[in-house]
Amino acid sequence: MNFNEIHIMQKDLGNYRRSYEKSALDEATIKENPLEQFQLWFYQVEASQGIDEPNAMTVSTLGLDGFPKSRVVLLKKFTHEGFIFFTNYNSEKGRAIAAHPQVCLSFYWPNLERQVIIKGRAEKLAANLSDGYFESRPTGSQLGAMVSPQSEVVASRDELEKALSALEERSRGKALERPAHWGGYLVRPVSLEFWQGRPNRLHDRIRYALEGDLSWRVERLAP
Ligand SMILES: Cc1cc2nc3c(=O)[nH]c(=O)nc-3n(C[C@H](O)[C@H](O)[C@H](O)COP(=O)(O)O)c2cc1C
């Protein structure tokens with residue numbers, strides 16, 4: 001079919017329907033610590049080999065224009081402190097986070113019928129940790145991060161490619177240093193919601209909410 005020849009701007013998706021039956025989430029057996037629960041689910045998604053990039057997550061920010069904005073980035077590390085991703089600090093998301101550190105991270109792993117939604121506060125990762133990750137990246141990715149004014153309007157692709165070639169030329173044989181405008185964010189979670197699809201739309205939803213600095217309140221939410 002030639003998709004360019006479809007002229008009617010309408011499509012009804014009402015018949016897309018699926019029953020979720022793979023698993024369940026039970027207060028009696030979930031981990032006390034939500035980061036450990038996340039780790040367990042992450043390992044299970046990895047082991048399922050059903051997702052190309054299980055670490056692809058949606059990051060939503062509160063924009064300076066008052067609109068929320070979501071985009072996909074790659075989770076690069078999680079620890080007992082939280083979730084780490086890397087980006088350009090001057091990008092649209094970087095500027096949004098500087099004004100409003102509250103962000104939402106979400107994962108959808110359709111093959112296991114699971115979703116995780118995390119609210120937290122983003123802070124810049126310690127410079128030495130960003131340096132370490134930058135050094136570990138392939139040269140091409142380092143150059144790309146250095147040369148791209150992420151989220152700025154550019155005149156053409158050609159302009160970017162010329163800038164990349166020029167930088168490649170100048171830096172040949174030299175070790176590349178992390179530019180100050182590029183680095184990691186650590187998102188310290190305040191709430192984590194685990195969603196497991198169930199039959200008849202009676203899905204399981206368990207939310208952990210931070211109480212004080214250390215303890216987590218666990219609640220079941222209606223689907
Ligand atoms: C699968 C996937 C992975 C991505 N990973 C990253 C990433 O790790 N860091 C990043 O800055 N952008 C990543 N991007 C690009 C972002 O979605 C986005 O275009 C970019 O960060 C600029 O967003 P902003 O203008 O809202 O700041 C990724 C996109 C996709 C589709």
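The values are calculated or read from the model by the stated rules, or taken from the named source; none is laboratory data. Just so it is clear, the model here is predicted, and its values are computed rather than measured. All Cβ positions, glycine included, derive from the backbone under ideal geometry; neighbour counts span all protein chains shown. For the accessible areas, the whole protein counts, side chains as well, though only heavy atoms, and no ligand, DNA or RNA atoms are used. Shrake-Rupley method; radii C 1.70, N 1.55, O 1.52, S 1.80 Å.
Has segment 33-42 got at least one residue that is surrounded by fewer than 13 Cβ atoms within 10 Å (Cβ to Cβ) and touching a residue at least 24 places away in the same chain (Cβ under 8 Å)? No, the conditions are met nowhere in segment 33-42.
Tallying residues that are open to solvent by 40 Å² or more (accessible area, probe 1.4 Å) and either within 13 Å of the ligand (Cβ to nearest atom) or assigned to a helix (DSSP H, G or I) (or both) within segment 76-95 yields 5. The one condition from (1) in a strand (DSSP E or B); (2) open to solvent by 50 Å² or more (accessible area, probe 1.4 Å); (3) touching a Ser or Thr at 6+ places or on another chain (Cβ under 8 Å) that R121 does not meet is (3). For the criterion of being within 24 Å of Q37 (Cβ to Cβ), surrounded by 14 or more Cβ atoms within 10 Å (Cβ to Cβ) and more than 12 Å from the chain's Cα centre (by Cα), L112 passes.
Contact annotation: residue pairs with Cβ atoms under 7 Å, 6 or more positions apart or on different chains, pairing a residue in segment 9-30 that is more than 16 Å from P223 (Cβ to Cβ) with a partner that is of a type in the set (A, V, I, L, M) and surrounded by 10 or more Cβ atoms within 10 Å (Cβ to Cβ), are I30/I206.
So that you can scan it fast, the table gives a plain yes or no per residue for (1) open to solvent by 50 Å² or more (accessible area, probe 1.4 Å); (2) assigned to a strand (DSSP E or B); (3) in contact (Cβ under 8 Å) with a residue 40 or more places away in the chain:
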{"site": "S151", "(1), (2), (3)": "yes, no, yes"}
{"site": "D158", "(1), (2), (3)": "yes, no, no"}
{"site": "E161", "(1), (2), (3)": "yes, no, no"}
{"site": "L167", "(1), (2), (3)": "no, no, no"}
{"site": "G184", "(1), (2), (3)": "no, yes, yes"}
{"site": "F194", "(1), (2), (3)": "no, yes, yes"}
{"site": "R207", "(1), (2), (3)": "yes, yes, no"}
{"site": "D213", "(1), (2), (3)": "yes, no, no"}
{"site": "P223", "(1), (2), (3)": "yes, no, no"}
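Quick check: is even one residue across segment 96-104 within 12 Å of the ligand (Cβ to nearest atom), in a strand (DSSP E or B) and over 21 Å from K22 (Cα atoms)? Yes, segment 96-104 contains at least one residue that is within 12 Å of the ligand (Cβ to nearest atom), in a strand (DSSP E or B) and over 21 Å from K22 (Cα atoms).
Out of the residues in segment 45-74 that are of a type in the set (V, I, T) and open to solvent by less than 80 Å² (accessible area, probe 1.4 Å), which is farthest from the ligand (Cβ to nearest atom)? If we take residues in segment 45-74 being of a type in the set (V, I, T) and open to solvent by less than 80 Å² (accessible area, probe 1.4 Å), then V45 is farthest from the ligand (Cβ to nearest atom). Looking at L164, is it among the hydrophobic types (A, V, I, L, M, F, W, C) and out of contact with any Phe, Trp or Tyr (no Cβ under 7 Å at 6 or more places or on another chain)? In short, yes.
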